[in-house]
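The values are calculated or read from the model by the stated rules, or taken from the named source; none is laboratory data. This structure is a prediction, so every number in the text was calculated from the model and none was measured. No Cβ is skipped: glycine too gets one built from the backbone with ideal geometry, and neighbour counts run over all protein chains shown.
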Amino acid sequence: MADVSKQAAASVAARGPAGLPPAPAARRRKRPDGLKWFSWITGGLVYVFLTLPVLVIVLSAFSPESYPQFPPRGFSLRWFDALLANPAWMAALKNSVLLLVIVTPLTVLLGTTAAYALARLDFRGREALLAFVLSPLMIPQVVLGIALLYVMAGMGMAGSLLGLAAGHIVVALPYTVRTASVSLAAVNRQLESASMNLGAGPWYTFRHVTLPLIKPGIVAGAVFAAVTSFGEVSVSLFMSAPSTITMPVRIFSYVDQTFDPAVNAVSVVFIAIAVIALVIIEKTIGLTKVM
Amino acid sequence: MSAGATRARLPASGRGFAWLLLSPTLLFLIAFLVVPGILLAGLSLRNVDSMLNIQPGYGLSQYILVFGSTTYANALFTTLWVSLGTALLCVLLAYPAAWLLVNAPTRTVRTVLYVLLVSPLLTSVVIRTFAWIVLLAQNGLINDALRNLGLIDTPLRMLWNMNAVIIAYVQVMLPFAVLPLATSLGEIPQSLSRASMSLGAGRIHTFFHVTLPLTLPGMLTGAIIVFALAAGSYITPLLIGGRLQPLLPITIYQQAVQIANLPLAAALSFSLLLITGIVVFLLGAVLKRWEKRTYG
């Protein structure tokens, strides 16, 4: 079964993807193509499935009714007002923002330095070390949460903002390592060599040559770290005390008990942040490169 | 990220500097990932009395409980099947989505599709799960719509079962399956399928014998990520599956937070880690073999 693909792959390997002659134009005659239509329609449906839930919560957030309604009858900002007037939501927002401000710079610092070192060092086990740094992505989140809860409780840091920050950094670190690595792979190494040949030390070179070159990757990494921290709930739920409840944790307990459009209004805030994050990533490193 | 041929050896001072830069991250991960893991492993080997007090000495009693009782064994198998099913569905749905992304007629359309695909990933999982509650609840939007259309009289019960969990899982994790698949699809030169067709193969034959095998790595990568995510998440099933679903992550959460039987929660955690590790390893081995077979 794989014979065709094997040969095809082999011929690409031999000639390179660009080396194949273009197919004769006569072979590409236009005809009604059922398969193509089928792909378009099923593909479109998948995107609808992906988008519809988000669209529905955003639109029903502006409903004046006391339960989510779609299509909304009328337009009202009452649920946004309710949000601003509720001290519990505001306290959660304050905690989330505070955490984000602690987590983002530290994650970027740890992630960028690690990505640089792993890109420049050449030793046996480099791949294994990289896999270790990226491993929080693959560890079941419930396990990560309970392990951190246990160690934080032992250190008397359970429920503290610092404990939560440590958890968020573990979860966000792989993203900043990845974005910095993508940028680093595009850096011309001769620029670094030139700097060092001219007598600059490794620190000076890193600071004045490498860092400016990988700035887009660092900015994208910062956006990922901030967004991850702001939305993190799986690890936070284990570790937050009543005084350190974050937005997602509060949403979790709220949704668990009630069902009203206040959460829709919060969701709109989250979705707006995601869209802003997307724009920043697209403008810096390009969406296609990091995802 | 490996630079291949351009990799020049750093001078000794540069190498020392690189290690120096790496050390804070390694120390951090040791403190907040490795040490917690080791402590949790130790905890899973402790015994508890009937009041859940931890007893001196170590033993396998928690693991015997996990693998010996039908409740936990059932949760383990259910978790495994639900996660594998989610991964399979994600890969199936990812194919047309990735195809559309790669074959988008204009740059703008492609960017829009990309935004649709990536923006859910940047939105908290609580929000995405909440969206499904709004849709599937008894007084939710789907029931409303069906009632208004006169298709049903009494609202359907769509929440609080495993189907709701799987639907939400698939939507929440689908982008993770689409992205690697789109990368795989995008890397296939157009000329390959044209060559196949000019040699007389039909479109469907070409798809199954040229395109599909070449995208298997992308499919497997996506499946591995989705499986690992599904096996470890407890927020979505807690919120829309109900607390009684026999899923391991829910059980772990309840044992740790509500019952405060940490040794049992730890043993359940390592059982989950073991099972997902085995599946991820097996899928990874298939992936490696396939790449070796295809590219030599």
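Taken over the stretch B:143-200, the criterion of being outside any loop (DSSP other than H, G, I, E, B), aliphatic (A, V, I, L, M), over 19 Å from A:Leu50 (Cα atoms) and in contact with a helix residue (DSSP H, G or I) (Cβ under 6 Å, 6 or more places away or on another chain) is satisfied by B:Leu185, B:Leu192, B:Met197.
Contact map, the stretch A:234-256: residues that are within 16 Å of B:Ile127 (Cα to Cα) paired with residues that are surrounded by 24 or more Cβ atoms within 10 Å (Cβ to Cβ) and acidic (Asp, Glu), Cβ distance under 7 Å, separation 6+ or inter-chain. Pairs shown: A:Pro248/A:Glu232.
A Cβ distance below 8 Å, combined with a sequence gap of six or more or placement on separate chains, defines the contacts here; from the stretch A:126-148, residues that are within 7 Å of another protein chain (Cβ to nearest Cβ) reach residues that are surrounded by fewer than 17 Cβ atoms within 10 Å (Cβ to Cβ) and part of a helix (DSSP H, G or I) in the pairs A:Ala147/B:Leu39.
Of the residues that make up the stretch B:91-99, is at least one more than 23 Å from B:Ala164 (Cα to Cα), in contact (Cβ under 8 Å) with a residue 60 or more places away in the chain and part of a helix (DSSP H, G or I)? Within the stretch B:91-99, one or more residues are more than 23 Å from B:Ala164 (Cα to Cα), in contact (Cβ under 8 Å) with a residue 60 or more places away in the chain and part of a helix (DSSP H, G or I). Of the residues B:Leu287, B:Leu272, the single one that is within 11 Å of chain A (Cβ to nearest Cβ) and of a type in the set (A, V, I, L, M, F, W, C) is B:Leu272.
Selection of the stretch A:257-268 for residues being without any contact (Cβ under 8 Å) to a residue 12 or more places away in the chain and assigned to a helix (DSSP H, G or I) yields only A:Gln257. Restricting B:Ala182, B:Ala231 to residues that are more than 8 Å from every other protein chain (Cβ to nearest Cβ) and either on the phi > 0 side of the Ramachandran plot or of a type in the set (Gly, Ala, Ser) (or both) narrows the list to B:Ala182. Filter the stretch A:237-247 down to the residues that are assigned to a helix (DSSP H, G or I) and either away from every other protein chain (no Cβ under 11 Å) or modelled with pLDDT of 95 or more (or both) and list them by number. Across the stretch A:237-247, the qualifying residues are A:Pro242, A:Ser243, A:Thr244.
Across the stretch A:270-285, the qualifying residues are those that are within 10 Å of chain B (Cβ to nearest Cβ) and in contact (Cβ under 8 Å) with a residue 60 or more places away in the chain, and the one among them that is farthest from A:Ala158 (Cα to Cα) is A:Ile281. Of all residues in the stretch B:127-142, exactly one satisfies the criterion of being facing chain A (nearest Cβ under 7 Å), more than 23 Å from A:Val249 (Cβ to Cβ) and either in contact (Cβ under 8 Å) with a residue 24 or more places away in the chain or not in a helix (DSSP H, G or I) (or both), namely B:Asn139. Evaluate the following for B:Leu27: is it at pLDDT 95 or above, assigned to a helix (DSSP H, G or I), exposed (fewer than 15 other Cβ atoms within 10 Å of the Cβ) and of a type outside the set (S, T, N, Q)? Judged against the criteria, B:Leu27 is a match.
Listed here are the residues, each with its yes/no results for (1) more than 30 Å from A:Met239 (Cβ to Cβ); (2) in a helix (DSSP H, G or I); (3) more than 11 Å from every other protein chain (Cβ to nearest Cβ).
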{"site": "A:Ile41", "(1), (2), (3)": "yes, yes, no"}
{"site": "A:Pro64", "(1), (2), (3)": "yes, no, yes"}
{"site": "A:Leu83", "(1), (2), (3)": "no, yes, yes"}
{"site": "A:Val97", "(1), (2), (3)": "no, yes, yes"}
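One residue alone among A:Thr104, A:Thr210, A:Thr113 is part of a helix (DSSP H, G or I), at the interface with another protein chain (Cβ under 8 Å from one of its Cβ atoms) and among the β-branched types (Val, Ile, Thr), and that residue is A:Thr113.
Scanning the stretch B:251-296 for residues that are in a helix (DSSP H, G or I) and among the polar types (S, T, N, Q), which turns out farthest from B:Leu39 (Cα to Cα)? It comes out as B:Thr294. Residue under question is B:Ile152, and the condition is that it be more than 9 Å from chain A (Cβ to nearest Cβ), of a type in the set (Val, Ile, Thr) and over 24 Å from B:Tyr234 (Cβ atoms); does it hold? Spelling it out, B:Ile152 is indeed more than 9 Å from chain A (Cβ to nearest Cβ), of a type in the set (Val, Ile, Thr) and over 24 Å from B:Tyr234 (Cβ atoms).
Only residues that are surrounded by fewer than 17 Cβ atoms within 10 Å (Cβ to Cβ) and within 13 Å of B:Leu116 (Cα to Cα) were counted across the stretch A:52-67, and they come to 2.
Of the residues B:Ile259, B:Ile275, the single one that is under 23 Å from the mean Cα position of the chain (by Cα) and among the aliphatic types (A, V, I, L, M) is B:Ile275. Annotation note: of B:Ser124, B:Ser69, the sole residue that is over 21 Å from A:Thr42 (Cβ atoms) and at the interface with chain A (Cβ under 8 Å from one of its Cβ atoms) is B:Ser124.
Scanning for something in contact (Cβ under 8 Å) with a residue 12 or more places away in the chain and at the interface with chain A (Cβ under 10 Å from one of its Cβ atoms), does the stretch B:106-115 turn up at least one residue? The answer is yes, given that some residue of the stretch B:106-115 is in contact (Cβ under 8 Å) with a residue 12 or more places away in the chain and at the interface with chain A (Cβ under 10 Å from one of its Cβ atoms). Scanning the stretch B:106-123 for residues being in a helix (DSSP H, G or I) and in contact with a helix residue (DSSP H, G or I) (Cβ under 7 Å, 6 or more places away or on another chain) gives a total of 11. The residue that is nearest to A:Ala91 (Cα to Cα), among those in the stretch A:179-237 that are crowded, with 24+ Cβ neighbours inside 10 Å and of a type in the set (Phe, Trp, Tyr), is A:Phe230. For the stretch B:202-218, the criterion of being under 30 Å from B:Ala265 (Cα atoms), more than 8 Å from chain A (Cβ to nearest Cβ), in contact (Cβ under 8 Å) with a residue 60 or more places away in the chain and touching a Ser or Thr at 6+ places or on another chain (Cβ under 9 Å) is met by no residue.
Results for (1) out of contact with any Lys or Arg (no Cβ under 8 Å at 6 or more places or on another chain); (2) farther than 20 Å from A:Gly163 by Cα, shown as yes or no for each residue.
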position	(1), (2)
A:Asn86	yes, yes
A:Asn95	yes, no
A:Leu109	yes, no
A:Thr113	yes, yes
A:Leu121	no, yes
A:Ala128	yes, yes
A:Leu137	yes, no
A:Val143	yes, no
A:Val151	yes, no
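When the test is whether a residue is at pLDDT 90 or above and at the interface with chain B (Cβ under 8 Å from one of its Cβ atoms), A:Leu162 does not pass it.
Cβ-Cβ distances below 7 Å connect the following pairs, each with a first residue in the stretch B:18-42 that is more than 18 Å from A:Ala131 (Cβ to Cβ), a second residue that is buried (at least 20 other Cβ atoms within 10 Å of the Cβ) and of a type in the set (S, T, N, Q), and a separation of six or more residues or different chains: B:Leu21/A:Thr113; B:Pro24/A:Thr113; B:Leu40/B:Ser269.
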